[in-house]
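The values are calculated or read from the model by the stated rules, or taken from the named source; none is laboratory data. Keep in mind that what you see is a predicted model, and the values were worked out from it rather than measured. Heads up, the Cβs are rebuilt from the backbone with ideal geometry, glycines too, and the neighbour counts pull from every protein chain shown.
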Amino acid sequence: MLKIKANNFNLYYNDFHVLKNINIDIEEKKITAIIGPSGCGKSSFLKSINRINDIVEYMRVNGEIIISGQNIYDKRVDVNSVRKNVGMVFQRPNLFPISIYENISFGLKINKIANNKSTIMAIVEESLSSVMLLHDVKDKLYKSALLLTLEQQQRLCIARVLAINPQIILFDEPCSSLDNVATKKIEELIMKLREKYTVVLVTHNMQQAARISNDTAVMICGRIIEFASTEQIFTCPSKKETESYVTGRFMI
Amino acid sequence: MIKLNSKFSQKIPFFFLYAATILTIIPVITIIFVIIKNGLSAINWEFLTSMPRDGMRAGGIFPAILGTFFIILLTIIFVFPIGICAAIYLNEYAKNNLLTRVINLAIINLAGIPSVVYGLFGLGVFVIFFKLGVSVVSGALTLSIMELPVVITTTRSALNSVPYSFREASLSLGISRWLTIRHIVLPNAVPGILTGSILSIARISGETAPVLFTASALYVSYLPHSMFDQVMILPYHLYVISTQVPNVRKDMIYATAFVLLILVLGISCIAIVARIYFKRRKKW
């Protein structure tokens, strides 16, 4: 089923035309990877899906991004409700300098998702166990989250998103600060998340896209040049640029 | 070829850098030493808590301490709420447009105006135009205007030191801009804001020129009981007994300077302690 649809979506920073006529249909409960060279606009597109780009000064957009039938750039839409529905995990773990427990409970309390202690605790534990972190941290829930390893921090970032109960989760190169072993574990987690959530993943790492995604979009110079099933993109791409990019022979 | 370590060429710059450092501390130590040596003997309970007598040649400096204290208190009440709110607006909300640039320019220029000019401005505006008279409130308003740019600048740098990623993380959880500022940015900026504020207070308490025409009196025979009263203040009292009144005992002059010094140092010490406390708590 269709979850996210971009309709002639354009994005500009000042006069710089970053995204050019993006049209894409992203399916529900699948992992969609966006790959492409650095600076091609893939992160900008990802950050348009939860409107976190709004905080960039001189940013303007035209066209539509439709999530579950609603254009999120409609003037009447509350941007905070969009962001609650579309969670995001960033390149580097960006936890708050507070305890593990508070990192998760913060969003719950402020967003008034849960008020009483036992409900909050239940959600904290549930989201920690969904990211397979509960076992490691259950004795130090009230210790600073910044004492965890980078991989654990990134898991906690994911748990923090899950606690808000979104439908879509965006990953912006979530493994770029992790080593191989940690990367593999996070990838396994992302694949598990597909059962419940629609995942959009931006990555530099083509093997990662090939390993875990269902569909892949190839983005070059602000355009999506090809969007198809991951298998097709990596085995018999229809465009020459795609082929040269995925085989590592791409030159701008 | 391996050269021998020429120790001499290392020692010359080291010597000059070291000498420059020593030169900066010598005056400070000398001032404190001279003041304590000459003034400590005159400090006693009566000096701190009684009215001046015999044309300020005897008695205490209580009204001047109280006056300084009142002015500092009122200035704090005026300047910090406005300064901190303005800094939050400029740092978190203001778009980088012409108006913001003009405001930034104004803040930088306000900080560079000599303090006596603020004094004259206060005299013209608060004392005469608004008919507040020479009073605690006129002095506090004048000091507030002078200190506002400093408070805004230090608060902004404290807000700026909170990593951008904290804001991004909070907003991406669907938390509104204001709640992000309220729950994420401000708590993490408090140490910086506090340190900057306390240093501002130390600066306010030592200022003479802005309150000279707007709040202070040569001599007031009663203690201030409203904010529309004229008051004696420590820096001006020090000036008066050192130059305007003949035959004041030398130890009384130094004792007054000592009290002023302790007041300013005391406030700065609070800032230092607060900074140490919050630095230990800071986790990023």
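Per-structure values
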read-out	value
Subset of the range B:239-284 [within 22 Å of the chain's Cα centre (by Cα), surrounded by 13 or more Cβ atoms within 10 Å (Cβ to Cβ) and within 14 Å of another protein chain (Cβ to nearest Cβ)]	B:Phe278
Whichever residue in the range A:32-58 is of a type in the set (A, V, I, L, M) and crowded, with 17+ Cβ neighbours inside 10 Å and, among such residues, is farthest from the other protein chains (Cβ to nearest Cβ)	A:Ile35
Residue in the range B:136-150 that is touching a strand residue (DSSP E or B) at 6+ places or on another chain (Cβ under 8 Å), touching a residue at least 60 places away in the same chain (Cβ under 8 Å) and either farther than 27 Å from B:Asp229 by Cα or surrounded by 21 or more Cβ atoms within 10 Å (Cβ to Cβ) (or both) present	yes
Matching residues in the range A:224-240 - criterion: being of a type outside the set (Ser, Thr, Tyr) and surrounded by 17 or more Cβ atoms within 10 Å (Cβ to Cβ)	A:Ile224, A:Ile225, A:Glu226, A:Phe227, A:Ala228, A:Ile233, A:Phe234, A:Pro237
Pairs where the first residue, in the range A:88-103, is closer than 26 Å to A:Thr198 by Cβ and the second is among the charged types (D, E, K, R) and buried (at least 19 other Cβ atoms within 10 Å of the Cβ), C-beta under 6 Å, 6+ apart	A:Phe90/A:Asp172; A:Gln91/A:Asp172; A:Gln91/A:Glu173; A:Asn103/A:Arg160
From A:Asn62, A:Asn10, A:Asn53, residue being assigned to a strand (DSSP E or B) and closer than 30 Å to A:Val246 by Cβ	A:Asn10
Where A:Val77 falls short, out of the listed (1) surrounded by 16 or more Cβ atoms within 10 Å (Cβ to Cβ); (2) β-branched (Val, Ile, Thr); (3) touching a Lys or Arg at 6+ places or on another chain (Cβ under 9 Å); (4) more than 8 Å from chain B (Cβ to nearest Cβ)	(1)
Residue identified as closer than 26 Å to A:Lys3 by Cβ and either at pLDDT below 90 or not polar (S, T, N, Q) (or both) among A:Ser238, A:Ser244	A:Ser238
Single match in B:Gly124, B:Gly67 (criterion: surrounded by 15 or more Cβ atoms within 10 Å (Cβ to Cβ) and at pLDDT 90 or above)	B:Gly67
Counted residues, the range B:131-164 - those being within 14 Å of chain A (Cβ to nearest Cβ) and either modelled with pLDDT of 95 or more or in contact with a Leu (Cβ under 9 Å, 6 or more places away or on another chain) (or both)	1
Residues (among the polar types (S, T, N, Q) and in a loop (DSSP other than H, G, I, E, B)) located in the range B:158-193	B:Ser161, B:Ser176
Counted residues, the range B:199-219 - those being assigned to a helix (DSSP H, G or I) and within 24 Å of B:Ser135 (Cα to Cα)	11
Failed condition for B:Arg203, given (1) within 14 Å of chain A (Cβ to nearest Cβ); (2) surrounded by fewer than 21 Cβ atoms within 10 Å (Cβ to Cβ)	(1)
Candidates B:Asn96, B:Asn109, B:Asn91 - the one that is of a type outside the set (Ser, Thr, Tyr), touching a residue at least 12 places away in the same chain (Cβ under 8 Å) and over 26 Å from B:Thr256 (Cβ atoms)	B:Asn91
Among (1) in a helix (DSSP H, G or I); (2) of a type in the set (D, E, K, R); (3) in contact (Cβ under 8 Å) with a residue 60 or more places away in the chain - the single one B:Asp229 does not satisfy	(1)
Any chance B:Ala106 is away from every other protein chain (no Cβ under 13 Å), surrounded by fewer than 18 Cβ atoms within 10 Å (Cβ to Cβ) and on the phi < 0 side of the Ramachandran plot	yes
